[in-house]
Amino acid sequence: MQNGYEPEFIGDGIRIPLPTFNRSLGQSVLRKPGLRDGRFSDHTHFTLVMNEHTRQLIYSAYNIDQSKFRPKPPDEGKRSWKKDKVIGEEHQLGNEYYKDRKNSIGETVPNPYDRGHMVMRFNNMWGDTNAESDKAGKETFVYANSSLQHENLNRDEWKELELNIVRDFQHAANGRLAVFTGPIFGDLDRHVILSDQNSARVPSGFFKVICFRNTHAVDDEPLGVLTFAIFQDDQVLRDKLGAATVKTHRPYQITITELQNLTGIHFGEELFERNPLFFFDNELRNEAVNVHTVPERIPVNTGEDLIGDAGDRRCEVEPLAQRRIIINSAMINPEGNEHRGEWISLHNRGNRKTSLRKWRLVDGQGREVVLQHSINAGESLRLKGPDRGKIRLSNAGGSLVLFDQHDCIIDHVTWSRPEVRRLGDGVAFMFDHGQ
């Protein structure tokens, strides 16, 4: 049974070495006797690198052989979490940061942060026998393999990314994957505070890089690379390049360059070259491929949304504050009958009338309505009843994506269960557009 990450796991001559770090991040890497090369903690199929300051991982590197999955249901039974003995208890967050606490008058204060698996148990359950698969799954329950992940993200969008993209990955020619995943920290991170002397940083988001033997080799290059990020902090979405193109509660396919800028992790020139999205940090190179210096970020709902190579057709997603036609508001939780009372409002912020003929509005479950309307400058269009088609607005959280007639993304919005609850019945939800 494979112990730790294997760089040559994909095969066909492809070698994906462990990432390195910029100078600042490199100074935070936990170095300790007993770790392989003083830095790496190896487990069945995966390797962890820790940050001694955050006491959370910098990244996990793991391999998946999809042909050897021997899964049990992902939520079957409770698992016992433990500390990684080699890393040491003092270098990883324990259950005290994840459990509910009592306030000064004895009331229970719910903790919204889960032990977010970075290497998911269900995706690590593979091997030649059921025993090997089960052992690999159990080894993911170490605190060093977890990070402070909001329950709304951990149990929804992150889980969907793991199960619908990673586990069901369709682009690998031989079913073998090399995956890197971990938290994204920034200056605007929040904190879980236990006392004046004891607190932990809450990441602003999480990333995942998938490397594979491409089913359709591009330019005779067999390596394929896809990069994703999900953010859980409203503020951090505005602090990079001023683009304001990201919204919370949604996976994004992003560029290797932007991920390196956000994390300080260097994934190497080969992964940069094989990543299909554009952002070179170099104006002349960007002009050569007709893209802007703002990095491409593609909202992802399902595996069908993925950009597989640089030649795939897609449209630039405009910064939030520059969008002309927006999904402005929605009655998600109406008083009375849910189905009859729901509506969606589109607004034209531009200075001219805009035709929406053959535009599509799609919800998170893939239900859609094809539009045949126009909106005058400064006016709104309310979609209600038959005009809303099969779209449903779930009180438990959901999303909407607006496409034009060329299938370019014009706007996309999300909402969560707590946000809907805070509004109460009969109050429209107003979506943020970076004003």
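Can you find a residue that is modelled with pLDDT of 80 or more, among the small types (Gly, Ala, Ser) and closer than 26 Å to residue 414 by Cα anywhere in the range 201-220? Scanning the range 201-220, I find at least one residue that is modelled with pLDDT of 80 or more, among the small types (Gly, Ala, Ser) and closer than 26 Å to residue 414 by Cα, so the answer is yes. Restricted to strands (runs of 3 or more DSSP E) entirely inside the range 7-65, those with at least 2 residues that are among the polar types (S, T, N, Q) are 46-51, 56-65.
The set of residues from the range 325-341 being surrounded by fewer than 20 Cβ atoms within 10 Å (Cβ to Cβ), in contact (Cβ under 8 Å) with a residue 60 or more places away in the chain and in a loop (DSSP other than H, G, I, E, B) comprises 334, 335. Confirm whether residue 63 is touching a Ser or Thr at 6+ places or on another chain (Cβ under 8 Å) and assigned by TED's automatic domain parsing to the domain that holds residue 214. Answer is no for this residue.
The residue of the range 365-424 that is surrounded by the most Cβ atoms within 10 Å (Cβ to Cβ), among those that are modelled with pLDDT of 90 or more and in a helix (DSSP H, G or I), is 388. Restrict the check to the range 141-156 and report whether at least one residue is touching a Ser or Thr at 6+ places or on another chain (Cβ under 6 Å) and not in a helix (DSSP H, G or I). No, that holds for no residue.
Kindly establish whether residue 316 is crowded, with 18+ Cβ neighbours inside 10 Å and either at pLDDT below 95 or not assigned by TED's automatic domain parsing to the domain that holds residue 250 (or both). Criteria not met by residue 316. Answer with yes or no whether residue 42 is free of Cβ contacts under 8 Å to residues at least 40 places away in the same chain, surrounded by fewer than 12 Cβ atoms within 10 Å (Cβ to Cβ) and acidic (Asp, Glu). No, not satisfied.
The values are calculated or read from the model by the stated rules, or taken from the named source; none is laboratory data. Everything numeric here is computed off the predicted structure, so don't read it as measured data. Every residue, glycine among them, receives a Cβ derived from its backbone with ideal geometry; neighbour counts consider all protein chains shown.
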